[in-house]
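What follows is a short report on a single structure.
The values are calculated or read from the model by the stated rules, or taken from the named source; none is laboratory data. In this text the structure is predicted, and so the values were computed from the model without any measurement. When we count neighbours, we look across all protein chains shown, and the Cβ atoms used for this are built from the backbone with ideal geometry, even at glycine. The area values use the complete protein model at the heavy-atom level, side chains included, leaving out ligands, DNA and RNA. Shrake-Rupley method; radii C 1.70, N 1.55, O 1.52, S 1.80 Å.
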Amino acid sequence: MVVKVYGPDYASPKRALVCLLEKGVEFETVGVDLLKGEHKAPEYLKLQPFGSLPVVQDGDYTLFESRAIIRYYAEKYKDQGTELLGKTIEERGLVEQWLEVEAHNFHPPIYDLVLKIVFGPFIGLTPDPKQLKESEDKLCQVLDIYEERLSKSKYLAGDFFSLADLSHLPFTQYLVGKIGKEYLIRDRKHVSGWWDDISSRPSWKKVLELWPGLY
Amino acid sequence: MGVKLYGHPMSSCTVRVMACLYEKGVEFELVPVNMFAGEQKMPDFLAKNPFGKIPVLEDGDLTIFESRAITEYISKKYHAPATDDLLRSDSPEESIAVRVWVEVESHHFQPAMSPIIFQHFVAPLQGKAPDQAIIDDHLAKLAGVLDVYEARLGKTKYLAGDFFSLADLHHFPYMFYLMKTPWAAAVTDRPRVKAWWEGMCGREAFKKVAEGMKFEK
């Protein structure tokens, strides 16, 4: 039975999609329309009680939370496709560290910008410029740390591509596109080089081609 | 050279790691970081964690920050055969559930809890009055999360299954502090969440960590 990924048109599910492509795992997708509220329908809440995307169904198992999903598949298929977790327990520790950095430091301000600027028009939300500036400033502080890190290390966890870098793809794509803040990346030489590297991977190009969503 | 943990015994993220170190029986040295003096923003500390946050773990040549990355590392590195694996790596079904509910704590429980704890305990220490609007807003979010937990714990003894795991452990610090606020009823009004919490409080690792958790200057 093939792995099913729900909600491919949106950013968080794309973490799962790009991971499965990197690992060479076959999957199907099931559309979920957020703007129609399909994520709050009773049938969906049975799969994901918090009503968030994505959900993955894999035989008898149901998985949710995109970063749980990518960790699971990166471990399960450790011996095929791209190595995404480093080679040792210590390298794995650094992958986890930068994945947590993405989740707790990078994600909140960029999510705020995406929600308000990209989705705001659809949900009748007029962004407050002061709040947008606060989120942009927070994101800049994080990107300054990334710039320093990436001046010493080719990728975030070390000189190897990992889940930590992968996890940044979906929301950063909005930043360089619809949000119109590509300068936040381009103004930082090492972040810019890193972004060009990770976003030109065949897996990410395929995701953009097949599920362009609101990019 | 042993394991060193830089942090503070009342800081929730340090507590999360200490609980894990105690659960896995790992000897460590707690190196206090003086948060009130801003030590975490000084160059020596920023060299360990450029985000200027505690905790940081040093283990041999490895320096690692972000509490949930540290607990994952400890759970793998110090797992002894025939002892309980906090990650349940031997079972696909169990390890999926652990990963999912670790993320639930991280992305649903913590964001609801942390402003409540900050406003109630930390703001007064900084000479500010708690913002009740922020507290009320987040109590409503917390209620939604704990309703999901109440339903879940009707099917399993712990969050990931009928076994204690990292997913439960990660909740310890914020749950501990919640029970010391005027809003502990969020837990005590939900019988399964209450039983789950009380069961965890009986764990030796949690009792040890709780000794250091007092908000005092």
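Some points to look at:
- Residue check, A:E209 closer than 16 Å to A:L20 by Cα and free of Cβ contacts under 8 Å to residues at least 40 places away in the same chain: yes
- Qualifying residue in the range A:176-185 (condition: over 18 Å from the mean Cα position of the chain (by Cα), crowded, with 19+ Cβ neighbours inside 10 Å and assigned to a loop (DSSP other than H, G, I, E, B)): no
- Test for A:G177: is it of a type in the set (G, A, S) and not assigned by the TED database to the domain that holds A:L139: no
- Residue in the range B:27-51 that is most open to solvent (accessible area, probe 1.4 Å), counting only those that are assigned to a loop (DSSP other than H, G, I, E, B) and within 14 Å of chain A (Cβ to nearest Cβ): B:A47
- Considering the range A:93-138, and only residues there that are polar (S, T, N, Q) and either in a helix (DSSP H, G or I) or touching a residue at least 40 places away in the same chain (Cβ under 8 Å) (or both), the residue that is farthest from A:L166 (Cα to Cα) turns out to be A:Q131.
- The set of residues in the range A:33-66 that are at the interface with chain B (Cβ under 9 Å from one of its Cβ atoms), open to solvent by less than 30 Å² (accessible area, probe 1.4 Å) and touching a residue at least 24 places away in the same chain (Cβ under 8 Å) comprises A:D58, A:S66.
- Of the criteria (1) within 18 Å of the chain's Cα centre (by Cα); (2) part of a strand (DSSP E or B); (3) in contact (Cβ under 8 Å) with a residue 40 or more places away in the chain, which one B:E58 fails: (1)
- Of A:A16, A:A74, all but one fail to be modelled with pLDDT of 95 or more, under 13 Å from the mean Cα position of the chain (by Cα) and of a type in the set (A, V, I, L, M, F, W, C); the exception is A:A16.
- Residues within the range A:119-142 that are modelled with pLDDT under 95 and open to solvent by less than 10 Å² (accessible area, probe 1.4 Å), tallied: 1
- Applying the criterion of at least 3 residues that are among the small types (G, A, S) to the helices (runs of 4 or more DSSP H) found wholly in the range A:1-92 leaves A:11-23, A:66-76.
- Of note, B:T188 does not satisfy the criterion of being in contact (Cβ under 8 Å) with a residue 24 or more places away in the chain and more than 20 Å from B:D85 (Cα to Cα).
- Any chance A:E100 is within 14 Å of chain B (Cβ to nearest Cβ), under 14 Å from the mean Cα position of the chain (by Cα) and at positive phi: no
- Residues of the range A:67-82 that turn out to be of a type in the set (V, I, T), in contact with a Cys (Cβ under 7 Å, 6 or more places away or on another chain) and either open to solvent by 30 Å² or more (accessible area, probe 1.4 Å) or more than 10 Å from every other protein chain (Cβ to nearest Cβ) (or both), as a count: 0
- Of residues in the range B:103-125 being hydrophobic (A, V, I, L, M, F, W, C), open to solvent by 20 Å² or more (accessible area, probe 1.4 Å) and in contact (Cβ under 8 Å) with a residue 24 or more places away in the chain, the one nearest to B:K180 (Cα to Cα): B:F121
- Matching entry among B:I74, B:I64, B:I70, B:I96 (being closer than 25 Å to B:V31 by Cα, without any contact (Cβ under 8 Å) to a residue 24 or more places away in the chain and either open to solvent by 60 Å² or more (accessible area, probe 1.4 Å) or touching a strand residue (DSSP E or B) at 6+ places or on another chain (Cβ under 9 Å) (or both)): B:I64
- Residue that is in the same structural domain as A:W195 (by the TED database), buried (at least 22 other Cβ atoms within 10 Å of the Cβ) and either in contact with a strand residue (DSSP E or B) (Cβ under 6 Å, 6 or more places away or on another chain) or within 19 Å of A:L184 (Cα to Cα) (or both), where the choices are A:I110, A:I145: A:I110
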